[in-house]
Amino acid sequence: QVQLVESGGGLVQPGGSLRLSCAASGFTFSNTFSNYRMSWYRQAPGRERELVAFITNAGGTTNYGDSVKGRFTISRDNAKNTVCLQMNNLKPEDTAVYSCNANRMGILRSSYWGQGTQVTVSS
């Protein structure tokens, strides 16, 4: 069973930076970290969950939500089974619970979620 554990959240002032990490485990020889597209989502109180960013299996393609473009960067290390989200120039509206998602398409379609980490941007 694939497990995802996020870390790096916390309280930061507007304009500050945080780096979130998601450590993935539970893979097998036929089901590896590189089989999964990795994404970060966030959900603020009273709002629907939104996609923040995703990165494809080999890391060749990234995509970002309009509200974070130019400020956030997603990256992955397939050797370490980790995906990170570097968040710069944070704004109060970035306050949310950030969750990591692993998604595999095709015949062995599967999706896993982490428990989330709280990010609060406030002065």
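The values are calculated or read from the model by the stated rules, or taken from the named source; none is laboratory data. This structure is a prediction, so every number in the text was calculated from the model and none was measured. Note that each Cβ is placed from the backbone with ideal geometry, even for glycine, and that neighbours are counted across all protein chains shown. To get the accessible areas, we keep the full protein, side chains included, count just its heavy atoms, and leave off ligands, DNA and RNA. Shrake-Rupley method; radii C 1.70, N 1.55, O 1.52, S 1.80 Å.
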Here the cysteines of the chain lacking a cysteine partner under 4.7 Å (Cβ to Cβ) are Cys84
With Cα springs under 10 Å, the Gaussian network model of the chain assigns the largest mean-square fluctuation among Thr62, Thr28, Thr73 to Thr28
For the chain the mean separation of alpha carbon contacts under 8 Å (6+ apart) over residue count, i.e. relative contact order in percent, is 35 percent
Along principal axes, largest first, the alpha-carbon spread of the stretch 20-70 in whole Å comes out as 40, 24, 17
Using alpha carbon centers only, the stretch 41-66 is separated from the stretch 1-31 by a whole-angstrom value of 13 Å
For Glu48, Glu93, Glu6, the accessible-area ranking with a 1.4 Å probe, largest leading, is Glu48, Glu93, Glu6
Expressed in square angstrom to the nearest 10, the accessible area of Tyr112 with a 1.4 Å probe stands at 50 Å²
Taking every DSSP bridge whose two residues both lie in the chain, the antiparallel percent to the nearest 5 is 95 percent
Regression test value, accessible area per residue of the stretch 52-92, probe 1.4 Å, units Å², expected 48 Å²
Among the stretch 22-59, those whose backbone N falls under 15 Å of a label point 7 Å along Cα→Cβ from Met105 are 35-39, 54-59
